[in-house]
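These notes concern the structure reproduced below.
The values are calculated or read from the model by the stated rules, or taken from the named source; none is laboratory data. As the structure is a prediction and not an experimental result, all values here were calculated from the model. What goes into the accessible areas is simple: the full protein's heavy atoms, side chains included, and nothing from ligands, DNA or RNA. Shrake-Rupley method; radii C 1.70, N 1.55, O 1.52, S 1.80 Å.
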Amino acid sequence: MKVLTTPQPRVLIVDDDLSFACTFQRALAAAGTIAVLAITASEATAFVRHHPDLCIAFVASQIETTGGLALMEQLHKVDPGLTVIIMSTNGTVAAVVEATKRGAEDYILKPFEFAAVAEKVGRFRELFEFRPDVGQVKSPLGELETDRDRL
């Protein structure tokens, strides 16, 4: 008998500061969360496109040539339900307001307390696991009829 399981939701960290990103990844792993890294906008977009088990993307505000907000919008085009949190080393009230207006779930300043963020990730993972479409493979052709459906 084959048991179907939903893959554990993952977190994407998009930051070209590899030292910070690796430290963040290890902190999330210690809290029981799988995190993967991308250092460019194209890597991040490709990852989101191919991994429906992604529940949160942490995006550096100064990533590559696109910038964090533009990347967030690209990621939302690929997965409109993806939770995106912008990370920045400097933030103003105007930047926070702009990010949330454009679709960011949160805006956090680096460096931050990894334990507090890991706790927040745990809450988002719980919400993600209750989404009705988690674990379902979407086909660009729509629903496919099987022999069993015709009986």
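Computed from backbone phi with θ = phi - 60° and the Karplus coefficients 6.51, -1.76 and 1.60, the 3J(HN,Hα) list for segment 17-24 is 8, 4, 4, 4, 4, 5, 5, 4 Hz; x is used for glycine and proline. Inverting the pair-averaged 1/r between distinct Cα atoms of segment 23-118 gives 13.6 Å as its Kirkwood hydrodynamic radius. Among T23, T33, T89, T65, the order of accessible area from largest down is T65, T89, T23, T33, computed with a 1.4 Å probe on protein heavy atoms. Taken one residue at a time, the phi angles of segment 35-44 give Karplus couplings (6.51, -1.76, 1.60, θ = phi - 60°) of 10, 10, 10, 9, 10, 10, 5, 5, 4, 4 Hz. Gly and Pro are set to x.
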